[in-house]
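The values are calculated or read from the model by the stated rules, or taken from the named source; none is laboratory data. Keep in mind the model is a prediction, meaning the values are calculated, not measured. Cβ atoms come from the backbone with ideal geometry, glycine included; neighbour counts cover every protein chain shown.
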Amino acid sequence: QRPPKLPDRPTAMNHFLRFAFATAILFVATAHLAAETVTWIPERTIEVPIKVSVSDEIYPRTLIFTGAGEILPIDQWWSDRQIEITRERNTITIRLRDPLFRGNIALFDNKGNLVSLLIHSVDRDHALDPVLVVTPESSSTAQNQIPLDTDNSAIVLARHMTGGQRHPAIQESSCSHVAGNATLPGEYIVRSESLVVMRMRVYQSPNLRGYLYTYTWHGPEACRINLQQLKPKGGLFMTAPTMVVMPENDSYLTLPPGQTIPVWYVCR
């Protein structure tokens, strides 16, 4: 009778596969436990520092929005050479390629939430968690800070105005009018040699009002304009193609010479 066959001795490949499998499990578990967490307050912007990715070193940063719905397609105002964003349900992954990039990105989900992210670069030796978990503030605290938008009416109006999603209950009208022999596209708010600000459209929802302003700068160099100074009465927040301005945030918009930039205001 032949003796029972002993199991094969572990080969170098077996050792390698076991080590790689164990390392992968440890990496996933560590990333999940060590993920940085921030609290999302609907009226404030989340600062998201990111390391710059180059051809041989990639530093993606993944944001997980707990309690949020599916992230809707993002209105891209930047170049793919500056930043790359991919979506997957309630998660986005950001790869920053331009070290000089700094700007606000507005995210909407299919539940009507608006999240404002301030993206900017940091040094490669900066300690940065590749996973950022964004959790909403408790409902009791949030209601004390934003009692005006408990039904998402401000977000619905902002999405309607900016073309994110039309709403049948919102009415809008143009501010164009005839002045002498000319038809003006809107009403002048500021009219000078360097700066022209016009009110172009008015939006009315069941309980809020919105405005479309245009800012045109004719100076020789770019300038920074404080949007809070010209906001309509009862202004709650404002959004432009490159930023979302909430209370207590930086409200300065950079105007390149010779360009017209739209700004939408949501008001009581």
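Only a single criterion out of (1) at pLDDT below 90; (2) out of contact with any Gly (no Cβ under 9 Å at 6 or more places or on another chain) is not satisfied by residue 194, namely (2). Looking only at residues in the stretch 68-89 that are within 14 Å of residue 114 (Cβ to Cβ) and touching a Ser or Thr at 6+ places or on another chain (Cβ under 8 Å), the one that is surrounded by the fewest Cβ atoms within 10 Å (Cβ to Cβ) is 75.
With the requirement that a residue be modelled with pLDDT under 80, closer than 14 Å to residue 39 by Cβ and not in a loop (DSSP other than H, G, I, E, B), what does the stretch 118-155 give you? Matches in the stretch 118-155: 136, 139, 140, 141, 142, 145. The single condition from (1) touching a helix residue (DSSP H, G or I) at 6+ places or on another chain (Cβ under 6 Å); (2) at pLDDT 90 or above that residue 238 fails is (2). When 203, 215 are checked against the criterion of being within 20 Å of residue 259 (Cβ to Cβ), surrounded by 13 or more Cβ atoms within 10 Å (Cβ to Cβ) and among the aromatic types (Phe, Trp, Tyr), a single residue qualifies: 215. Among the residues making up the stretch 62-101, those that are within 12 Å of the chain's Cα centre (by Cα) and in a strand (DSSP E or B) are 63, 71, 85, 92, 94.
Table: residues versus (1) over 22 Å from residue 75 (Cβ atoms); (2) assigned to a strand (DSSP E or B); (3) over 21 Å from the mean Cα position of the chain (by Cα).
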{"position": "160", "(1), (2), (3)": "no, no, no"}
{"position": "163", "(1), (2), (3)": "no, no, no"}
{"position": "172", "(1), (2), (3)": "no, yes, yes"}
{"position": "189", "(1), (2), (3)": "yes, yes, yes"}
{"position": "199", "(1), (2), (3)": "yes, yes, yes"}
{"position": "207", "(1), (2), (3)": "yes, no, yes"}
{"position": "225", "(1), (2), (3)": "no, yes, no"}
{"position": "233", "(1), (2), (3)": "yes, no, yes"}
{"position": "236", "(1), (2), (3)": "no, yes, no"}
